[in-house]
Amino acid sequence: MREHTDEARARRAATHSGDDGAGLGRALMTLFTVFVFATAGTIHFQTPMLAELGREFAAEPVAVAWVPTLSFGGFLAGSLLLVPLGDRYDKRTIVFLKLAGLTASMIAMAAAPTLAVLAAASFLAGVCASVSQDVIALTAELAAPGERGAAIGTLLSGLFVGILFARLAGGFVAAELGWRWMYVISAAMLAAAAPPLAARMPHAPARTQLAYAALMRSLVRMLRARADLRRASAVQFMLGICYGGFWATLAPMMTSLHGVGPAAVGLVGIPGAAGVLVARAAGRWMDRSGVAPVVTTGILLVMAAYVVFGLAGLFVAAVAVGAALQDCGLRAAMVANQALITGTDPEARSRSNTVFAVHIWGGNATGAFVASTAWALAGWPGVVASGLAASLAALAVQRRLGARAGRTR
């Protein structure tokens, strides 16, 4: 199949889709951003509360770990199995169904009488939290072609801030009010979002009539047929290895090399969320200059982060600087790639987003495994080497497939 440049395909698809951006005004963009902020935290509140959960339910850490494991597993399942339905049915309907399920799961977690019930509710929360991917696809559908990058960047900024808020607020609320109140507050936030969404969210008619089984099979066909989707997904998978590996080994490294506890490790989350500051700017840059320079710069920032991490054994400050560089690079590449893949094929935005999200989460999980193994075998230098190797692989994929697309322009 003949390949095209990413930008050319995206512009051509947007032109023929009839998307003129008329359905995405400033008020709706703000509403969507606030909404994904509220949904993002639902699977991250437990991160600083795991010790409290263990004390209340008199459970060992290995048992408590099922709560975050099932919540993240649920998000992956929801992204893979439910988000593609956004091409088959009205995205507005799907958003409200997931919002109802997410609100119910927050209430169930707040009232959970046992750890098993809490874990089961966390899985449902993860499945329904995939609603953020439906909103991203709808935003790409409503945005004007020349503003799609900025719109996706704004939306992802809200998502990233929501994750940071969850990590900070979860610990504060658990300490001051008790962990159950965090889920009560979350349910209230979600319920408050429903009326304005009902008033302003437009309908998004189905783009295909494929049956569910055919819809799922089409994911593989899309990945085979679309060079832009293969490249963006492969790059984010490699960068996900870098990201997941760092956060999986940060705590043991800080304790082993610097003798600090969980509180200090948690503070790394602040510079580690620096990507919030560049997401919208990266989207605007992508709108002006195309995908390639933004993604390449993002990869180089992640590589620079791992060079800085190489000094983490000597200087604690290197951890904070490296975390900021990594997050900026990762988020810049993600904004540009996500704007690209959701703008290229208007008939399959939800499925494109599914393939992309599964690669991101798969990269995070792979990175946690690879870096943990490297830590056990070679210590922190092994972790740094694994991150550098993954970022170099991302650069190779970006340059190789980008050059191939350029030759077939």
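Every read-out reported here was derived from the displayed coordinates using simple, explicitly stated rules and does not represent laboratory data. This structure is a prediction, so every number in the text was calculated from the model and none was measured. As a convention, Cβ positions derive from the backbone with ideal geometry for all residues, glycine included, and neighbour counts pool all protein chains shown.
Points to keep in mind about this one:
- Working ranking of peptides 121-129, 223-231 by packing, defined as the average number of other Cβ atoms within 10 Å per residue, highest first, is 121-129, 223-231.
- A Förster distance of 41 Å, applied to the separation of the beta-carbon atoms of S289 and V220, puts the FRET efficiency at 0.80.
- Per-peptide average of other Cβ atoms within 10 Å, ordering 328-340, 247-259 highest first: 328-340, 247-259
- For E56 and T30, a Förster radius of 35 Å and the Cβ-Cβ distance give a FRET efficiency of 0.40, rounded to the nearest 0.05.
- Rough spin-label spacing in nm, given labels placed 7 Å along Cα→Cβ, for A199 and F315: 5.2 nm
- Mean-position separation - Cα centroids, region 244-318 and region 110-179, in angstrom: 21 Å
- Calculated [222 nm] ellipticity per residue, helices only, for the chain: -27000 deg cm²/dmol; basis is -39500 (n - 2.57) per DSSP H run with n ≥ 4, divided by all residues, nearest 500.
- Here mean projected area of the Cα convex hull in nm² was computed from the coordinates, and among [x] 25.8; [y] 18.7; [z] 23.1 the match is [y].
- For the pair Y212 and A389 in one chain, pulling the backbone fully straight at 0.36 nm per residue adds 59.9 nm over the alpha carbon distance.
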